Amino acid sequence: MKTEDALLRVATATSEAVRGVLATLAPEAVVQRAIRVDGGIEASLEGLDLPAVCAGIAFVDGVEGGNLLVMPSEAARRLAAAMMGMDPADVGDEPISELELSAAGEAMNQMMSAAAAATGAVLGQEVEIAPPDTRVAQTAEDLRAAFPDGVQTTSADFTLFGHECRLVQLVPPAFLVALQDALGVLPEGAEEIDPLRTAMLDVEVRVWAELGRTRMSSERAVALPRGAVVELDREADDAIDLYVDGLHFAMGRLVVTDEGELAIRLETVGAGPTTPRTPETQKES
Amino acid sequence: MARVLVVDDAAFMRKMVSDALAEGGHEVVGEAGDGNEAVARYLELRPEVTTLDITMPEKDGLAALQEIIALDPGARVVMCSALGQESKVLESIKIGAKDFVVKPFQPDRVIGAVDKALS
């Protein structure tokens, strides 16, 4: 899978979650439109009708990121009417009232919670959100002020009562890394450039960790008694080495998992000693 | 009929829950818009049941629930959560909430949860 496919996967998941909530609040009023990777907030703001109600949530635990939902005021008023048991078709062109804004904000809150849950499902971890920030944007500047700049974005367009709405997924670098890890995204161009490498990805390799080394004569080695202490060339708090089929691959810290098993938390990958060797063939320290 | 305190940061949700409970024969004795106000209103009104939203500014529903249960271990609280808040709902049940409803919900569900909390 490529990065763009991964971004589209999460955009589609969040869009479906939002549609699911809307289908409960305003049945048959929602039509899904395009889902795309925008690459930046400017592109995600193009073509939106104003004034609009916009709601934003930030992920506060699990992963950095957030969602923004923009809904033209008339669509928000019709949604509020549907939630209050009134006929959405009876809504006129008056400015949105405080109660209507509260209703639309609550609906958007529910949609954003569902979107965050869908994001967590794609990432394989729970995502906790902060209370949403809901406001009315009268101008393009108001709208831009509600959006953080400098992050990658995806957009999912849909119509609500015939009005164009947009769900924007904010994709900061940390979110992108988590997404790539969760979905096994290959480095850019890996498949096209090196088909052999792709074909070998399923080959099993031996992986081992090395705490340290020492040297001693064979006479002393065979005479080691039970209970002897053999000092190694590492301090207790030094990083240890990780080897993959004899090649030094990474360095990290020995940790104990919640299940009581030993594991290594990698600190550097690709740095450190490069001498290829195996436990069986090593002859020097 | 029970005396109910309704807590939600959205005025619309407070109205929706209050209307539903009134239809179900309950008396809404007060409302609160955040966790701090919820605790204060609980001490002031001593309702038989409290409906408590989870996601609120200042002090969220879980923190308010902990304070209310600490002040009154017999408090009957129904949590209102959005989709994707399963772990918070579980936590609230562990703390002592009697039931929960997931938004968006139908009025009957709120009435049913309050009735269950009273039983």
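For residues that are over 13 Å from the mean Cα position of the chain (by Cα) and surrounded by 16 or more Cβ atoms within 10 Å (Cβ to Cβ), scanning just region B:83-94, find the one that is nearest to the other protein chains (Cβ to nearest Cβ).
Result: B:Gly84.
Can you tell me how many residues in region A:210-258 are more than 44 Å from the chain's Cα centre (by Cα) and in contact (Cβ under 8 Å) with a residue 60 or more places away in the chain?
Qualifying residue count, region A:210-258: 1.
How many of the residues making up region A:67-112 are within 11 Å of chain B (Cβ to nearest Cβ), buried (at least 24 other Cβ atoms within 10 Å of the Cβ) and free of Cβ contacts under 8 Å to residues at least 40 places away in the same chain?
3
Condition first: in contact with a strand residue (DSSP E or B) (Cβ under 9 Å, 6 or more places away or on another chain), within 14 Å of another protein chain (Cβ to nearest Cβ), surrounded by 18 or more Cβ atoms within 10 Å (Cβ to Cβ) and in a helix (DSSP H, G or I). Can you find one or more residues in region B:43-54 that meet it?
no
List the number of the failed condition for A:Ala146; all other conditions in (1) more than 8 Å from chain B (Cβ to nearest Cβ); (2) small (Gly, Ala, Ser); (3) out of contact with any strand residue (DSSP E or B) (no Cβ under 6 Å at 6 or more places or on another chain) hold.
Condition (3) is where A:Ala146 drops out.
When the residues of region B:16-29 are narrowed to those that are without any contact (Cβ under 8 Å) to a residue 60 or more places away in the chain and crowded, with 18+ Cβ neighbours inside 10 Å, which ends up farthest from the other protein chains (Cβ to nearest Cβ)?
Among them, the one singled out is B:Val28.
Report every pair of residues separated by at least 6 positions or lying on different chains whose Cβ atoms are under 8 Å apart, first residue within region A:120-132 and more than 9 Å from chain B (Cβ to nearest Cβ), second of a type in the set (Lys, Arg) and not in a loop (DSSP other than H, G, I, E, B).
If the second residue must be of a type in the set (Lys, Arg) and not in a loop (DSSP other than H, G, I, E, B), the pairs left are A:Val122/A:Arg9.
Just name the residue that is surrounded by the most Cβ atoms within 10 Å (Cβ to Cβ) out of those in region A:154-171 that are more than 20 Å from A:Ser113 (Cβ to Cβ) and not charged (D, E, K, R).
The residue in question is A:Phe161.
Please list, ordered by residue number, the helices (runs of 4 or more DSSP H) wholly in region A:170-285 having 1 or more residues that are modelled with pLDDT under 80 and outside the structural domain of A:Gly150 (by TED's automatic domain parsing).
A:190-193, A:195-199
How many residues does region B:95-119 contain that are out of contact with any strand residue (DSSP E or B) (no Cβ under 7 Å at 6 or more places or on another chain) and assigned to a helix (DSSP H, G or I)?
6
State the number of residues belonging to region B:55-69 that are crowded, with 23+ Cβ neighbours inside 10 Å and more than 13 Å from every other protein chain (Cβ to nearest Cβ).
3
Of all residues in region B:55-72, which are in contact with a strand residue (DSSP E or B) (Cβ under 8 Å, 6 or more places away or on another chain) and polar (S, T, N, Q)?
Result: B:Thr55, single match.
Do we have B:Asp8 as without any contact (Cβ under 8 Å) to a residue 60 or more places away in the chain, buried (at least 21 other Cβ atoms within 10 Å of the Cβ) and either within 14 Å of another protein chain (Cβ to nearest Cβ) or more than 11 Å from the chain's Cα centre (by Cα) (or both) here?
Judged against the criteria, B:Asp8 is not a match.
One residue is enough: does region A:132-147 have a residue meeting the conditions touching a Cys at 6+ places or on another chain (Cβ under 6 Å), in the same structural domain as A:Leu7 (by TED's automatic domain parsing), modelled with pLDDT of 85 or more and more than 30 Å from B:Asp60 (Cα to Cα)?
no
The values are calculated or read from the model by the stated rules, or taken from the named source; none is laboratory data. Just so we're clear, the structure is a prediction, and the values are computed from it rather than from any experiment. Using ideal geometry, Cβ is built from the backbone for each residue, glycine included, and neighbour counts are taken over all protein chains shown.
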